[in-house]
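The values are calculated or read from the model by the stated rules, or taken from the named source; none is laboratory data. Note that the structure is predicted; figures quoted are calculated from it, not measured. Every residue, glycine among them, receives a Cβ derived from its backbone with ideal geometry; neighbour counts consider all protein chains shown. Note: areas computed on protein heavy atoms with side chains; ligands, DNA, RNA excluded. Shrake-Rupley method; radii C 1.70, N 1.55, O 1.52, S 1.80 Å.
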Amino acid sequence: QEQLVESGGGLVQAGGSLRLSCAASGSLFRIAAMGWYRQAPGKQHELVASIWNDGRTNIADSVKGRFTISRDNARNPVTVYLQMNSLKPEDTAVYYCNTYRPVDAYWGRGTQVTVSS
């Protein structure tokens, strides 16, 4: 059964770094394009980074140069990472992973990232 579990969030000062992990259980995620999303209070989900199974990545302009996405298909479960550097207060949100075209049933609890100024 497909399940996504995010971890690695926390409270960090502006300029700091965090690495988020997404444990993706289920054979689908081994081949699916994956994305990291974030949702700030009162806003919709925003796609910040995506990665295809061949390693291609795409990073949103709002975080380009600061965030990188990677995946480890050799792990069980498959794990997708989001490395976040030079964090800004506007990066504060709950971060989720999902497939590149998100499926409602796959949304997990997310992991809270709070960046203080």
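Candidates are the residues of region 65-81 that are over 17 Å from residue 18 (Cα atoms) and in contact (Cβ under 8 Å) with a residue 12 or more places away in the chain; the one that is surrounded by the most Cβ atoms within 10 Å (Cβ to Cβ) is 78. When we screen 47, 87, 20 for residues that are more than 18 Å from residue 5 (Cβ to Cβ) and under 9 Å from the mean Cα position of the chain (by Cα), the only hit is 47.
Residue pairs whose Cβ atoms lie under 6 Å apart, sitting 6 or more positions apart in sequence or on different chains, and linking a residue in region 98-115 that is over 18 Å from residue 87 (Cα atoms) to a partner that is modelled with pLDDT of 95 or more and of a type in the set (S, T, N, Q), are 100/50; 106/98. The strands (runs of 3 or more DSSP E) located wholly in region 1-64 that include 1 or more residues which are closer than 20 Å to residue 86 by Cβ and open to solvent by 50 Å² or more (accessible area, probe 1.4 Å) occupy 10-13, 18-25, 46-51, 57-59. Filter region 93-117 down to residues that are of a type in the set (Val, Ile, Thr), within 17 Å of residue 41 (Cα to Cα) and more than 13 Å from the chain's Cα centre (by Cα) and give me whichever is surrounded by the fewest Cβ atoms within 10 Å (Cβ to Cβ). Here the residue is 114.
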